[in-house]
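S.K.: Quick one: the structure is below, and I'll ask about it shortly.
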Amino acid sequence: MALLDRISQIIRSNVSDISNNISQTGQAVVETAMGIGEAVTNTTLQATQTVVDKVVETKEAVTNTTIQATQTVVDKVVETKEAVTNTTIQATQTVVDKVVETKDAVTNTTIQATQTVVETATVVGGSITEAALQTTQTVVGSVVGVTEAISTTVSETGQTIVKIIPQIYQEGCGAVAEELTKIGFTDWHSFVDNCQKELDTNVIKSQDWVYHKIQNPFAHYESILTDEDIEKIRTYDAQYHWDKFDYAFVGSSGILASLTDYFLVSIPRTINTGEYGGQVGSPITAWLKKYNINTSDDWFAEWAQHLEETCKVPYDATNMPGMSPSSHRLQSLGHDPVLGFIFGVLDIMRGTITGFSYDKLSGHHSIFSDVTWSNNPQIGLIEAILRQIGHLISDAFTPMGLPAPFMTLVQGINIGSIGAEGKTVGEVARWMYLNGYDLRHFLVSGITPATIELVLRAYIMLRHYSEYGETKFILGSHPKYRSMLLAAHSIAALGNVGKIILMEGNPLAINEAQWLALIRYTIPSVKYWVFEQHHLRLEYLNQMKESEWNMLVNNSDTILETVAQETDSLAMPGLGVAIALG
């Protein structure tokens, strides 16, 4: 019994120690859990997870300690099992059962405490999360409120600026109208009209202001240009403007050319009988036609006769319908002084003749081409050109001579009803050639346009040199000088029309050289007026300094900044209120 009591005491002592350890451990667990809960409350949700981890670790530690203590008691009982009785075994079993029950109770208590701590931590974490969400929603709401307030303020500021700008404009108009009223005008338009009238009536008399008379599309913008740039515009307009000396020389050169046309060019030969009887021919043409290589014995005549023998051509044949020895040069395109270098060269290389046949009954000309050299030798291009030149020289100073340029082509125009006999244009061209209108008279008629070129070009070059010094320029491509030449040739062409009328409509009075000169200046002038004038003007103005245009942009920016500053006092208080409300 003493041994049993001793064992019971040892067991009670161990159980008491185990209970105390378990109580202390539970107390420590509860305190630790409460401390963790408070820490979780003051920190974040991450601390909650840490508390849970600690609780689980503590639970496992308590369980392990309890199991170890129990295992120790069991080991002690096993060691003394053989020495005790069945009663002792039963008592030990009873103690063991009590210990197991105590262990289960402690374990359940620990688990409940741990669960409570976890739930508490979860509740605390949820509260923190909800608080954070509420805080975030509050901040977002404040930002949205501030943004809406700023948008409203900006919109109101823009509307204020839009209202202020017309007000400033109206005040400016009112100030201008007040000033105009003081000087006797009702509005701005009447003032501008009056100024324009003054320029047209008075200021135009001054040479310095003569450019105002020119149609100037940039006149409304001159107020925003510098004096230097305005002078550039005036210089551009002035360089194409005619002064009184220009008009005088254009008119005098045109009239002088018309006089040469009437007295020197006249008609190819004197007509004694017929419809145009009594009309006197050109003395210069008559002088040129006196020279005949067939009757002269000088070096040129000998050279021309040699060329006639060596420069044979296939288009010199007379087998074309309606062709005669006197008309074969007109009817074959190879004899044309200009077109001959195309058709004549081709005919030489191919051994053919190309031209116009003539039907005497109908008076019509038709295109004709035929092979005249059946055994045509191979002739190269260079040799063909040399033969063409040699043949034209040999024919130029013969009684019939060569036709005037393009006259062979004009004979193909089978339209018109000219004169009492109702001749076509082609028949008139044929009649003119047969009556002496050849290359020599064409050269004489060139005196008329040459007079204009000599007189007017001399004046233009001297005038240009006196104003600009030794500067290189192409007179024929300069718009002003070209227009002056065109005007002078137009006067001479009108003079030729008058000459034809005075000579009773005689076609021989036509000055072909003068009309070709008129066409020569008309085509580029029309091209300039239609396509180039506006482009060249803009190209000239593009040379103006860009700094002045940039200054205008800066001035406009300054105006806007001034308006913004005036409205700043209205806009900024509203913006501050909006931010404060947010």
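The values are calculated or read from the model by the stated rules, or taken from the named source; none is laboratory data. Every value quoted in this text rests on a predicted model; they were computed, and no experiment measured them. Here Cβ is always computed from backbone atoms with ideal geometry, including for glycine, and neighbour counts include all displayed protein chains. Just the protein is used for accessible areas: all its heavy atoms, side chains included, with ligands, DNA and RNA removed. Shrake-Rupley method; radii C 1.70, N 1.55, O 1.52, S 1.80 Å.
S.K.: Counting only protein chains, not ligands or nucleic acids, how are 431, 299 ordered by accessible area (probe 1.4 Å), most first?
M.R.: The ordering from most to least exposed comes out as 299, 431.
S.K.: Based on Cα positions only, what radius of gyration and what Dmax would you give for segment 409-501, in angstroms?
M.R.: Computed over the Cα atoms of segment 409-501, radius of gyration and Dmax are 18.8, 59 Å.
S.K.: Right, here's the next one. Could you check the spin-label model distance between residue 357 and residue 370? Points 7 Å from the Cα along Cα→Cβ, value in nm.
M.R.: The two pseudo-label positions are separated by 0.7 nm.
S.K.: For residue 244 and residue 398 in one chain, what is 0.36 nm times their gap in residues minus the Cα-Cα distance, to one decimal in nm?
M.R.: Full extension from residue 244 to residue 398 adds 50.6 nm.
S.K.: What accessible surface, in Å², does a 1.4 Å probe find on residue 447, ignoring ligands, DNA and RNA and rounding to the nearest 10?
M.R.: 50 Å²
S.K.: By what distance, in whole Å, do the Cα atoms of segment 453-499 stretch along each of the three principal axes, largest value first?
M.R.: 41, 17, 12
S.K.: Roll a 1.4 angstrom probe over the protein heavy atoms and tell me the percent of accessible area of segment 364-522 that is carbon or sulfur.
M.R.: Carbon and sulfur together cover 68 percent of it.
S.K.: Quote the FRET efficiency, to the nearest 0.05, computed for residue 420 versus residue 177 with a Förster distance R0 of 60 Å and r equal to the Cβ-Cβ distance. Walk me through the intermediate numbers first.
M.R.: Details: r = 75 Å, r/R0 = 1.24.
Approximately 0.20, to the nearest 0.05.
S.K.: Something else about it: For a test of the definition: using alpha carbon positions, the gyration tensor, and the 1.5 limit on a/c, classify segment 320-447 as rounded, prolate or oblate. Could you put the intermediate results ahead of the total?
M.R.: On the way: a/c = 2.38, a/b = 1.42, b/c = 1.68.
Here segment 320-447 falls in the oblate category.
S.K.: Using a simple spin-label model with points 7 Å from Cα along the Cα→Cβ vector, what separation in nm is obtained for residue 501 and residue 317?
M.R.: Placing both labels 7 Å beyond Cα along the Cβ direction yields 4.9 nm.
S.K.: Given the protein chains as shown and a 1.4 Å probe, how many square angstrom of residue 186 are accessible, to the nearest 10?
M.R.: Per-residue accessible area (residue 186): approximately 120 Å².
S.K.: Another question about this same structure. Describe numerically, in nm with one decimal, the distance between label points set 7 Å from Cα along Cα→Cβ at residue 477 and at residue 186.
M.R.: About 5.5 nm, to one decimal.
S.K.: With r defined as the distance between the Cβ atoms of residue 195 and residue 523 and R0 fixed at 45 Å, what FRET efficiency is calculated, to the nearest 0.05?
M.R.: Calculated value: 0.65.
S.K.: Suppose R0 equals 45 Å; then what is the FRET efficiency for residue 168 and residue 532 from their Cβ-Cβ distance, rounded to the nearest 0.05? Spell out each step's value before the answer.
M.R.: Working: r = 44 Å, r/R0 = 0.97.
With R0 = 45 Å, the Cβ-Cβ based efficiency is 0.55.
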